[in-house]
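K.L.:
Next up is a structure, given as structure tokens.
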Amino acid sequence: MNLHASFTYRKVVDRMMAGVCAICFIAAFIPLVSVLWLVISKGAAGLSWAFFTELPKPVGEEGGGIGNALVGTLYMVGLACLIGLPLGVGAGVYLAEKGDGTVGQTVRFMAEVLSGVPSIVIGIVAYALVVIPMGHFSAWAGAVALSILMIPTLARATEELVRLVPGSLREASLALGVPNWRTSLRVIIRTALGGIVTACLLAVARAAGETAPLLFTALNNQYWNVNPSAPTASLTVAIFNYAISPYDDWHAKAWTASLVLLIVVGLLNIASRVLTRNRLKGAR
Amino acid sequence: MAEAAGHLAVKATEDGRPGSGNLGDRAFNGVLWTLGIMVLVVAGLIVLNLALVARPLAKEHSLWGFITSTEWNPVEDHFGALTFLYGTLVTSAVSIVVSVPIAIGLSLFITQFAPPKLGRILTIPVELLAAIPSVVYGLWGLFIVVPWLRESIQPWLGKHLGFLPIFSGPPIGLGYMASGLILAVMILPTIVAVSVEVMKTTPEANREAALALGATKWEAVMMAVIPYSRAGILGAVLLGLGRALGETMAVTMVIGNSPQISASLFAPGYSLPAVIANEFAEATSAVHIGALAGLGLILFATTFLLNAGARVLVTAVQKGPKRVSG
Amino acid sequence: MTPAAPAQAMSQEKPAPPPPTVAQQPPPATGTDTPFKVEVHDLNVYFRTNHAIRHVSLGVLPQTVLAVIGPSGCGKSTFIRALNRMHDLVPGARVEGKVFVDGRDLYARGIDPVLLRRRVGMVFQRPNPFPTMSIYENVAAGLTLNGIGGNHTEIVERCLRQAALWDEVKDRLKHAGTSLSGGQQQRLCIARALAVEPEVLLMDEPASALDPIATAKIEELIHELKEKYTIVIVTHSMQQAARVSDNTAFFYLGELIEMGPTAQIFTNPRERRTEDYVTGKFG
């Protein structure tokens, strides 16, 4: 603080820097508005029942849709949840209840650091774990990749949520003669459950939006597929393929498919927010 | 006497954990422990499998040779990572240079200058930015940002600053600059989220002391908030950098996929994740796949170190001001 | 109601050691003819190297209220938490000595701390109803979490009546447990503790977080509960101890200094330190 500078000067600097910071907000806001606006305006035209339910048509032919890709995404994300949600939430509960020793600290460190591993690297791991032994691409491989991505973030979020539950609740339950493990399950985790569900929804939203790890695990499929051992289409890979193609009508499909993806991801995010609000209503 | 009263002394359970003698508790603790260990197992699997897939590469290439060669020849199975390392570093550098000042300014605005209620609302657009999938950013980049660069920005830069090597060459839109800019948008939420958290932990007392001395808001920020949050903000930047390094889809779609090194930001190039994304599915020879996995290992190691470093910095700020300030 | 016979203050002399015994069943007893519901013999509690409770011995007659008073940090809470083995949960805590309830030593081998806590219940300083449960579910929690059957509806009503809360909540049993006022929440916690049918009720400063009106209601409640239960209450308010208890134990720096009928402790204490405390010279 330069006390020799005139007060007016310092005030001007203050106002200016506040303005600069406000401009930074605008600068961040512009891309957001641009992306959302363009996806909606360019993508809405292509929305139709056919788009949701039909298989993709070959180049040049009218119509066709992303039905199989949408089903594929839902299917693989569902499979990934079966593996990723229990492991992620379970690891988080472990860290909250027993995670203060050396093992716990190592697990916590690993969870934090693993959450930053690029998703494409996880794709290579899933390739090695599933595609090589199976000999071909499959939905399983894609699901495994997505589940590995879910685990670290879920574990950290769950740990935080469980730790937030006041210790007095555990004492109250134990004082009623409830064994510790039942207290953990039916009192502590139950209290944290709302937050955990929110964290799971966010993890699912993230998994639904992933592309890179699916490129060489689930690959792609022009047809309907609910066989986990076969290659499977996905919404994100479909967008990618449409976008980098040289055909204009496929570019239009890319925008529409993006709109569908944003709607799916958006609904999951909204659901997680709604749940948070409901949890707090009525209770003091 | 004393010994009779004490001979039935009972210790609280050995390890202090409640009721671990109880069967239910033991089973529950066992299940929890297994689930916790799974994280370590996953980490081990990642490293192990990357190494396994990359092994054929090691037969014909030394580590140093791999890192320093620009050759990428699937036909003769000679590979080098340098082109992609360069591309990744350049795009990440551009993204950091563009994103960090805006992110810090935005974080300061949210935590210091805006009224608290507005600050809370302002985090929503940031969260929305974070929720947009990477492939959608790529689509937007390909059809909006690239033409914008090609038709407006790059010609202007070429005309006025074309003597600088980084702004030389034909403005085609695709390339390092496009990737860097889109990456900047994508890593912004990460840097802002962590910076906001760190700035919020600045003890109010520090700020108030500065204000009580007659400082303006900005001066209070420079005197109290920035010095305290410095390490944490650096951690946030490292996290953002880690994200930039590993970002695949958006970069793949706008970088031009051209395996060459160029000094100009206008030029097309290639990045580590982009080449893996483009070639892995169709690579046939074990060495080719091994080379791609080797690139993956480099990515893994780099992001691992960055995230570990970031974590140390961020937790240092949250633990003790003594270790951080001034 | 049994007259409040003077409880023997056994802190002045080491008690005659109970006959040493090897058999686990029946557990070593001070004899079934003991007049005390709760009997403490030479209790010592350590937190790592900190000797927090030193050689405390006392007895509590059935259906009486014992108030535990003393300045902050004198070990009042530590003492009553030793009576339901809550220290088992604290890493580094060590308890030596014996605590008898109806002649059975709670710290004997083979005694399950989880089960004993149903016989010795506890109410805490801050009301802590379970936030995800309704009023009904909160009271029944001790039953449902332990898988105890029976007519829960009847038990819930009975306990809420015993806790003097029934009339206020009978129409909103399904509302969240946390939707009640502080005083009501504390009575809810008392009802919850009563549902598992304890015989002894430990109360750790149950009214210290409440306003004066809620406090008065809790004290009135204790008068009623005394007819069925044996109560040990920790309080930092001497006036409350005087209003509520039959006998009072004064603790200082982890030791039991004096114990006797409440009236005697407050008007004619034997120990100098007791007198200093009750007359307000310190604490």
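The values are calculated or read from the model by the stated rules, or taken from the named source; none is laboratory data. None of these values were measured; they are calculated from a predicted model. Using ideal geometry, Cβ is built from the backbone for each residue, glycine included, and neighbour counts are taken over all protein chains shown.
K.L.:
List the number of the failed condition for A:Gly84; all other conditions in (1) more than 9 Å from every other protein chain (Cβ to nearest Cβ); (2) in contact (Cβ under 8 Å) with a residue 40 or more places away in the chain; (3) in contact with a Gly (Cβ under 8 Å, 6 or more places away or on another chain) hold.
P.N.:
(3)
K.L.:
Any idea how many residues of region C:79-125 are modelled with pLDDT of 90 or more, within 10 Å of chain B (Cβ to nearest Cβ) and closer than 19 Å to C:Ala141 by Cβ?
P.N.:
Residues that pass the stated criteria total 1.
K.L.:
Further question: Name the residue, out of A:Ser147, A:Ser184, A:Ser168, that is without any contact (Cβ under 8 Å) to a residue 60 or more places away in the chain and either in contact with an Asp or Glu (Cβ under 8 Å, 6 or more places away or on another chain) or assigned by TED's automatic domain parsing to the domain that holds A:Thr217 (or both). Working first, answer last.
P.N.:
Numbers: A:Ser147 fails: without any contact (Cβ under 8 Å) to a residue 60 or more places away in the chain; A:Ser184 fails: without any contact (Cβ under 8 Å) to a residue 60 or more places away in the chain.
None of the other options fit; the residue is A:Ser168.
K.L.:
Given the structure, is A:Leu214 surrounded by 23 or more Cβ atoms within 10 Å (Cβ to Cβ), under 18 Å from A:Leu149 (Cα atoms), of a type outside the set (Asp, Glu) and more than 9 Å from chain B (Cβ to nearest Cβ)?
P.N.:
Numbers: surrounded by 23 or more Cβ atoms within 10 Å (Cβ to Cβ): yes; under 18 Å from A:Leu149 (Cα atoms): yes; of a type outside the set (Asp, Glu): yes; more than 9 Å from chain B (Cβ to nearest Cβ): yes.
It is true that A:Leu214 is surrounded by 23 or more Cβ atoms within 10 Å (Cβ to Cβ), under 18 Å from A:Leu149 (Cα atoms), of a type outside the set (Asp, Glu) and more than 9 Å from chain B (Cβ to nearest Cβ).
K.L.:
Please count how many residues of region B:63-87 are surrounded by fewer than 14 Cβ atoms within 10 Å (Cβ to Cβ) and either part of a helix (DSSP H, G or I) or under 25 Å from the mean Cα position of the chain (by Cα) (or both).
P.N.:
Counting residues in region B:63-87 that are surrounded by fewer than 14 Cβ atoms within 10 Å (Cβ to Cβ) and either part of a helix (DSSP H, G or I) or under 25 Å from the mean Cα position of the chain (by Cα) (or both) gives 3.
K.L.:
A:Thr102 is checked against (1) more than 9 Å from chain B (Cβ to nearest Cβ); (2) surrounded by fewer than 19 Cβ atoms within 10 Å (Cβ to Cβ); (3) more than 30 Å from A:Val165 (Cα to Cα) and fails just one. What number does that condition carry?
P.N.:
For A:Thr102, the failing item is (3).
K.L.:
Hey, B:Glu282 hits all of (1) at pLDDT 90 or above; (2) farther than 19 Å from A:Glu210 by Cβ; (3) facing chain A (nearest Cβ under 10 Å) but one; which does it fall short on?
P.N.:
(1)
K.L.:
Right, here's the next one. Whether any residue in region B:142-152 is among the acidic types (Asp, Glu) and at the interface with chain A (Cβ under 9 Å from one of its Cβ atoms) is what I want to check.
P.N.:
The first filter runs over region B:142-152 and keeps only residues among the acidic types (Asp, Glu), leaving B:151.
Next, from what is left, pick out any that are at the interface with chain A (Cβ under 9 Å from one of its Cβ atoms): none.
So far as region B:142-152 goes, no, none of its residues is among the acidic types (Asp, Glu) and at the interface with chain A (Cβ under 9 Å from one of its Cβ atoms).
K.L.:
If you go through region B:234-257, how many residues are more than 9 Å from every other protein chain (Cβ to nearest Cβ) and in contact (Cβ under 8 Å) with a residue 60 or more places away in the chain? If you could, list the steps in order and put the result at the bottom.
P.N.:
Taking region B:234-257 first, the residues more than 9 Å from every other protein chain (Cβ to nearest Cβ) are B:234-238, B:240-241, B:244, B:250-251, B:254-257.
Now narrow it down to the ones that are in contact (Cβ under 8 Å) with a residue 60 or more places away in the chain: B:234-238, B:240-241, B:244, B:250-251, B:254-256.
Total meeting the criteria: 13.
K.L.:
Ok, one more. Quick one: A:Gly116 ticks every box in (1) among the small types (Gly, Ala, Ser); (2) in a helix (DSSP H, G or I); (3) within 11 Å of chain B (Cβ to nearest Cβ) bar one, so which box is it?
P.N.:
(2)
K.L.:
Here's a follow-up. In region B:138-156, which residues are under 10 Å from B:Phe266 (Cα atoms) and either surrounded by 24 or more Cβ atoms within 10 Å (Cβ to Cβ) or in contact (Cβ under 8 Å) with a residue 40 or more places away in the chain (or both)?
P.N.:
Selection gives B:Leu149, B:Gln154.
K.L.:
Moving on. Looking only at region A:150-195, count every residue that is within 14 Å of chain B (Cβ to nearest Cβ), part of a helix (DSSP H, G or I) and either in contact with a Gly (Cβ under 8 Å, 6 or more places away or on another chain) or not hydrophobic (A, V, I, L, M, F, W, C) (or both) and tell me the total.
P.N.:
23
K.L.:
I'm trying to understand the selection: among the residues of region A:12-59, which are in contact (Cβ under 8 Å) with a residue 24 or more places away in the chain and within 9 Å of chain B (Cβ to nearest Cβ)? It would help to see each step written out before you state the result.
P.N.:
First, the residues of region A:12-59 that are in contact (Cβ under 8 Å) with a residue 24 or more places away in the chain: A:36, A:38-40, A:42-47, A:51-52, A:55-56, A:59.
A:Leu36, A:Leu38, A:Val39, A:Lys42 - these are the residues of region A:12-59 that are in contact (Cβ under 8 Å) with a residue 24 or more places away in the chain and within 9 Å of chain B (Cβ to nearest Cβ).
K.L.:
Yes or no: region B:106-127 includes at least one residue that is of a type in the set (A, V, I, L, M, F, W, C), under 23 Å from A:Ser234 (Cβ atoms) and either out of contact with any strand residue (DSSP E or B) (no Cβ under 7 Å at 6 or more places or on another chain) or at pLDDT 90 or above (or both). If you could, list the steps in order and put the result at the bottom.
P.N.:
Step one: filter region B:106-127 for residues of a type in the set (A, V, I, L, M, F, W, C), giving B:106, B:108-110, B:113-114, B:118, B:121-122, B:124, B:126.
From the residues that got through so far, the ones that are under 23 Å from A:Ser234 (Cβ atoms) too are none.
No - not one qualifying residue is present in region B:106-127.
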